[in-house]
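Down below is the structure, laid out as structure tokens.
The values are calculated or read from the model by the stated rules, or taken from the named source; none is laboratory data. This structure is a prediction, so every number in the text was calculated from the model and none was measured. So basically every Cβ, Gly included, is an ideal-geometry build from the backbone, and we count neighbours across all protein chains shown. These area figures cover heavy atoms from the full protein model, side chains too; ligands, DNA and RNA do not enter into them. Shrake-Rupley method; radii C 1.70, N 1.55, O 1.52, S 1.80 Å.
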Amino acid sequence: MLDMVKKDVKEKKDNKGITVDKDDFSEWFTQLMLKADLADYTDVSGCIVFKPGSYELWEKIQKETDKRFKKMGIRNTYFPIFIPEKHLNKEKEHVEGFSPEVAWVTQVGNTKLSERLAIRPTSETIMYPSYSKWIRSWRDLPLKYNQWNNVVRWEFSHPVPFFRTREFLWNELHTAIATEKEAMEEGFNILDIYKEVCEKYLALYGLSGRKTESEKFAGGVASFKLHYIIPTGRVIEGPCFHYDGQRFAKAYNIKFLNKKGKEEYVWQNTYAISTRMLGTMFAIHSDDKGIIIPPKIAINQIVIVPILFDDSKEKVLKEANKIAKELSEFGAFVDERDNYKPGFKFNEWELKGIPLRIEIGPKDMEKNKVVLIRRDNSEKKIVDMKHVKSESDRILNEIQDSLYKKSKKLFESKIDHADKIDRLKKIISEKKVALSPLCKNIECEESIKYETGGAKAVFISEDKVKNNDKCIICSKKADYLVYIGKTY
């Protein structure tokens with residue numbers, strides 16, 4: 001009987017809104033993307049349109065990241081999207097890692113090209129030949145060039161908007177440095193920038209960790225990433241720092257004369273944050289009503305919905321616009337449409353995630369009051385008009401803080417410990433992430449995927465193994481603790 005009631009309620013929902021619960025994640029996320037006007041599909045499989053609702057949020061991520069980059073002496077540039085095959089083949093491990101994903105241009109008009117051109121999956125191989133020309137002396141270092149661009153990676157069968165698309169947007173920062181010590185210091189400083197942006201603006205809690213040898217960036221020496229967990233228990237691999245050592249420098253002959261006049265290879269790092277973080281933010285914060293946008297990244301933090309009647313319309317609109325002007329620093333705007341009822345507007349702005357809604361009608365004006373409604377928990381508060389700015393500011397800060405705390409609580413609730421394979425299987429089946437001891441044997445790491453139906457060693461924990469910790473697969477002495485889970 002209860003199931004029939006639930007079904008009836010769902011069928012009665014306004015089709016303009018979300019018609020499924022978040023538990024049905026795949027369908028819920030698809031509806032969220034389309035109905036909240038974030039993105040749309042195209043005729044090219046795996047490639048989406050970023051509509052203003054999502055692209056403007058990406059611009060905010062760019063702005064805040066770029067602002068911090070500039071303070072570190074990082075400059076923006078742009079390199080071609082096309083990479084000659086001869087450049088791509090110079091670093092063996094790198095090309096082998098990306099070869100399944102590379103899309104090729106082989107013909108222009110009716111003319112076949114003499115050399116295939118790769119559509120960039122990443123830009124090391126088009127940037128580093130230039131680096132080898134530009135770097136001659138220690139005075140040319142450090143060289144820190146960043147691109148905000150698009151890349152194409154074709155190899156996967158089940159694209160998911162924002163999370164796994166064949167074309168996506170990101171930054172790729174490529175630095176060349178004189179010493180290994182400086183390179184490593186820079187790496188963790190950049191990772192801290194990404195972490196700050198994701199925490200402060202996207203209200204996302206995550207952990208950073210080193211990847212195992214089999215999971216590191218192809219061609220690099222070591223990879224470090226921030227990791228997030230969405231409600232399905234899937235781990236999202238977020239912003240990254242790849243320590244490349246001198247591997248690419250030797251492949252592309254990037255040398256410099258040091259202060260003693262001796263020739264050396266540079267030390268290199270690469271970094272990225274991508275539009276995948278938008279999907280992570282939508283998945284973690286949003287609910288059955290629609291998206292929830294943290295105030296600090298929202299373009300419009302406040303919507304004012306006037307309650308309009310013919311005899312008081314002009315007076316209410318005048319007051320609503322006066323409040324909007326007072327709250328202009330929050331991107332406040334008035335929904336003046338008179339062809340929709342207030343209830344429709346409430347639902348629409350909840351669907352589109354405006355953090356705070358202010359309602360004002362003739363009765364409110366008589367009392368010199370307005371009603372403030374939080375998007376994250378629907379809590380209402382009636383305040384005096386003279387306090388609307390201070391109260392709005394306070395509530396928006398509360399929302400931002402609350403979303404971050406909920407994100408952290410979600411992450412921690414999804415972690416469990418397993419030192420036996422049966423326990424590991426149970427944790428993965430419960431849509432959680434296991435923290436388990438593992439040895440460095442690649443065969444043991446590969447066995448995890450087979451034993452769990454697709455989970456993998458996502459990253460190495462900073463917690464140290466104990467003397468009696470045994471590898472969860474072979475039972476020999478463990479080398480480290482790893483987080484094991486399924487990823488997007």
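Before moving on, here are some points about what is shown:
- Candidate cross-link partners of K476 among the lysines, defined by an alpha-carbon separation under 18 Å and a same-chain spacing of 8 or more, comprise K420, K440, K464, K466.
- In this calculation the C-beta distance from E451 to N89 is compared with R0 = 41 Å, giving a FRET efficiency of 0.70.
- Across the chain, Cα pairs under 8 Å and at least six residues apart give a relative contact order of 13 percent.
- On the basis of the beta-carbon distance and an R0 of 60 Å, K380 and E264 show a calculated FRET efficiency of 0.40.
- Once C-alpha pairs closer than 8 Å and six or more residues apart are averaged by separation and normalised to the residue number of the range 394-488, the relative contact order reads 29 percent.
- The range 99-250 shape via C-alpha gyration tensor axes, a/c threshold 1.5: oblate
- The alpha carbons of the range 272-354 give a radius of gyration and a Dmax of 15.4, 56 Å, in that order.
- Within the range 410-447: backbone nitrogen closer than 17 Å to the D463 label point (7 Å, Cα to C-beta): 410-421, 423-425, 427-428, 432-439
- Cα centroid separation, the range 40-108 to the range 280-337: 34 Å.
- Percent RCO, i.e. relative contact order, over the range 26-150, from Cα pairs under 8 Å lying at least 6 residues apart: 24
- Using only alpha carbons, the range 31-125 has a radius of gyration to Kirkwood radius ratio (Rg to Rh) of 1.07.
- Calculation over all alpha carbon pairs of the chain in 10 angstrom steps from 0 returns a P(r) of 4, 17, 24, 24, 17, 10, 4, 1, 0 percent.
- Of all lysines in the structure, the ones whose alpha carbon falls short of 17 Å from that of K259, not counting any fewer than 8 places away in one chain, are K181.
- Once all protein chains are placed together, M33 keeps about 0 Å² accessible to a 1.4 angstrom probe.
- The chain, accessible surface, carbon-and-sulfur percent (1.4 angstrom probe): 49
- In this label model, K200 and S26 are separated by 3.9 nm, measuring between points 7 Å along each Cα→Cβ vector.
- Solvent exposure of the chain as accessible area per residue, Å², 1.4 Å probe: 49
- Calculated on the Cα set of the range 383-488, radius of gyration then Dmax: 20.3, 69 Å.
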